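The structure appears right after this line, and notes come after that.
Each reported figure results from applying straightforward, stated rules to the coordinates on display, with no laboratory input. Worth saying up front: this structure is predicted, and the values here are computed from it rather than measured. Neighbour counts are summed over all protein chains in view; Cβ atoms, including those assigned to glycine, are modelled from backbone coordinates with ideal geometry.
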Number of protein chains: 2
Amino acid sequence: MSASTSAAPCELCTTPGGHVVWRGEGWRVIRAADELFPAFYRLILDRHVAELSDLSPEDQARCLALLVAVERALRQQLRPTKINLAAFGNMVPHLHWHVIARFSWDSHFPQPVWGTAQRSVQPPAVQRLSCTLDQLDAAVAAALEAA
Amino acid sequence: MSASTSAAPCELCTTPGGHVVWRGEGWRVIRAADELFPAFYRLILDRHVAELSDLSPEDQARCLALLVAVERALRQQLRPTKINLAAFGNMVPHLHWHVIARFSWDSHFPQPVWGTAQRSVQPPAVQRLSCTLDQLDAAVAAALEAA
C-alpha cells in the first residue's frame with residue numbers, strides 16, 4: 001500500500017519535518033516555512049502509517065481533536081477567509097495533515113495552495129497577518145495542549 | 001467567516017453537487033464526474049456550515065466515521081497507491097470533503113489532483129480500475145450504511 005518504491009528512508013521518520021510547535025504522545029505539529037502561506041501547519045503522526053483508516057478508532061479520534069484544535073487556534077488568531085485541511089501523502093506516505101489559514105488576498109486564493117498562483121502579494125503575506133508567527137505558534141501549541 | 005461575498009446561492013445548498021451515492025442523516029456522498037480521477041467522492045454536509053470546527057463534537061465524530069468508511073471502501077475495492085483527503089471550501093464555503101483514490105499511474109501522481117499534470121493516461125483511468133463505477137458506488141454506499 002506504500003507509494004514509496006525506493007529504499008530512501010522516510011523523511012518524516014528521520015526528521016521533524018519543519019519547525020516543531022508542539023509535541024504530544026504520538027503526534028507532533030510543525031509550522032512549514034512557506035513565504036506565500038505563513039500560517040501553514042502540519043499535524044504529523046510519529047509512527048510510519050500511511051492512511052487515516054489504518055489508525056485505531058481511538059487514534060482517529062485523537063487525530064480529529066488535534067486537527068480541530070489547530071484549526072480553532074488559527075481561526076481565533078487570524079480570522080482567515082477559510083481553513084484548508086488536506087492529507088495526501090503521495091510523496092511521503094506517512095500520515096500528515098496540512099492545516100492552512102487562507103485569505104482572500106493570498107497568492108493562490110481561491111485555488112488550493114497546490115494550484116495555480118492568482119496574484120503576487122506585496123507586502124509579503126507574513127506582514128499581513130494580525131499577529132506574529134511566534135504568537136501564532138504559541139496559540140497553536142496552547143490549543144493542542146488543551147485538546 | 002464566509003468566503004462568499006456575492007448574493008449567489010450556495011451550489012451545495014441548492015444542488016446535490018454530483019451523482020448521489022448515499023444519503024444519511026445530515027450528510028450525503030456524491031461521486032464527482034472526473035475523467036482523470038474516476039474514484040473521486042465527496043462527503044457533503046447538508047447544512048451550510050463552513051468549517052469542521054463549527055460542528056459539534058458529535059457531528060465532527062460522525063464526519064470522521066463517514067470519511068473513514070469511504071476511504072476503507074475505496075482501499076478495499078481498488079487497492080490504490082494512496083488515498084487523498086481534503087476539505088478546502090475556498091470557492092464554496094459549505095463543508096465538503098474530497099476523498100480520492102490515487103494511483104501511481106494517474107495523470108497527476110504524485111502531485112495533488114489540483115496540481116500539475118505529470119503524464120497523459122491511455123487507456124482512460126476508468127478502464128484501469130479493478131471494478132466498475134457502479135460496483136464502486138455500491139461498495140461505498142454499503143460502507144457508509146454500516147458506519
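From A:Ala65, A:Ala32, which residue is touching a strand residue (DSSP E or B) at 6+ places or on another chain (Cβ under 7 Å) and not β-branched (Val, Ile, Thr)?
On the way: A:Ala65 fails: touching a strand residue (DSSP E or B) at 6+ places or on another chain (Cβ under 7 Å).
Matching residue, one of A:Ala65, A:Ala32: A:Ala32.
Applying the condition of being in contact with a Phe, Trp or Tyr (Cβ under 6 Å, 6 or more places away or on another chain) and assigned to a strand (DSSP E or B) to segment A:9-44 and asking which residue is surrounded by the fewest Cβ atoms within 10 Å (Cβ to Cβ) yields A:Arg31.
Would you confirm, using the coordinates I've provided, whether B:Phe109 is farther than 27 Å from B:Asp54 by Cα, at the interface with chain A (Cβ under 7 Å from one of its Cβ atoms) and touching a Lys or Arg at 6+ places or on another chain (Cβ under 8 Å)? Break it down stepwise before answering.
Values: farther than 27 Å from B:Asp54 by Cα: yes; at the interface with chain A (Cβ under 7 Å from one of its Cβ atoms): yes; touching a Lys or Arg at 6+ places or on another chain (Cβ under 8 Å): yes.
Spelling it out, B:Phe109 is indeed farther than 27 Å from B:Asp54 by Cα, at the interface with chain A (Cβ under 7 Å from one of its Cβ atoms) and touching a Lys or Arg at 6+ places or on another chain (Cβ under 8 Å).
Reported count of residues in segment B:17-31, each being in contact (Cβ under 8 Å) with a residue 60 or more places away in the chain and among the hydrophobic types (A, V, I, L, M, F, W, C), is 3. Figure legend. Inter-residue proximity from segment B:34-53: first residues closer than 14 Å to B:Ala73 by Cβ, second residues charged (D, E, K, R) and buried (at least 18 other Cβ atoms within 10 Å of the Cβ), beta-carbon distance below 6 Å, spacing 6+ or different chains. Indicated pairs: B:Tyr41/B:Arg31.
Conditions tested, residue by residue: (1) within 13 Å of the chain's Cα centre (by Cα); (2) surrounded by fewer than 16 Cβ atoms within 10 Å (Cβ to Cβ); (3) outside any helix (DSSP H, G or I).
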residue: B:Leu66; (1), (2), (3): yes, no, no
residue: B:Pro93; (1), (2), (3): no, no, yes
residue: B:Ser107; (1), (2), (3): no, no, yes
residue: B:Gln122; (1), (2), (3): no, yes, yes
residue: B:Ala143; (1), (2), (3): no, no, no
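Kindly indicate whether A:Leu95 is in contact (Cβ under 8 Å) with a residue 24 or more places away in the chain and within 14 Å of chain B (Cβ to nearest Cβ).
On the way: in contact (Cβ under 8 Å) with a residue 24 or more places away in the chain: yes; within 14 Å of chain B (Cβ to nearest Cβ): yes.
In short, yes.
Selection of segment B:45-64 for residues being under 18 Å from the mean Cα position of the chain (by Cα) and part of a loop (DSSP other than H, G, I, E, B) yields B:Asp46, B:Arg47, B:His48, B:Val49, B:Ala50, B:Glu51.
Answer with yes or no whether A:Leu133 is aliphatic (A, V, I, L, M) and within 12 Å of another protein chain (Cβ to nearest Cβ).
Working: aliphatic (A, V, I, L, M): yes; within 12 Å of another protein chain (Cβ to nearest Cβ): no.
Spelling it out, it is not the case that A:Leu133 is aliphatic (A, V, I, L, M) and within 12 Å of another protein chain (Cβ to nearest Cβ).
Of all residues in segment B:68-88 being β-branched (Val, Ile, Thr) and in a helix (DSSP H, G or I), which is farthest from the other protein chains (Cβ to nearest Cβ)? Show your work before the answer.
Kept after step one, since they are β-branched (Val, Ile, Thr), are these residues of segment B:68-88: B:68, B:70, B:81, B:83.
Remaining after also requiring in a helix (DSSP H, G or I): B:68, B:70.
Working: B:Val68: 5, B:Val70: 9 Å.
Only one residue tops the list, namely B:Val70.
Can A:Asp137 be described as under 17 Å from A:Ala33 (Cβ atoms), in contact (Cβ under 8 Å) with a residue 40 or more places away in the chain, assigned to a loop (DSSP other than H, G, I, E, B) and of a type outside the set (Val, Ile, Thr)? Working first, answer last.
Working: under 17 Å from A:Ala33 (Cβ atoms): yes; in contact (Cβ under 8 Å) with a residue 40 or more places away in the chain: yes; assigned to a loop (DSSP other than H, G, I, E, B): no; of a type outside the set (Val, Ile, Thr): yes.
Judged against the criteria, A:Asp137 is not a match.
In segment A:76-91, the qualifying residues are those that are free of Cβ contacts under 8 Å to residues at least 60 places away in the same chain and over 27 Å from A:Glu51 (Cβ atoms), and the one that is surrounded by the fewest Cβ atoms within 10 Å (Cβ to Cβ) is A:Arg79.
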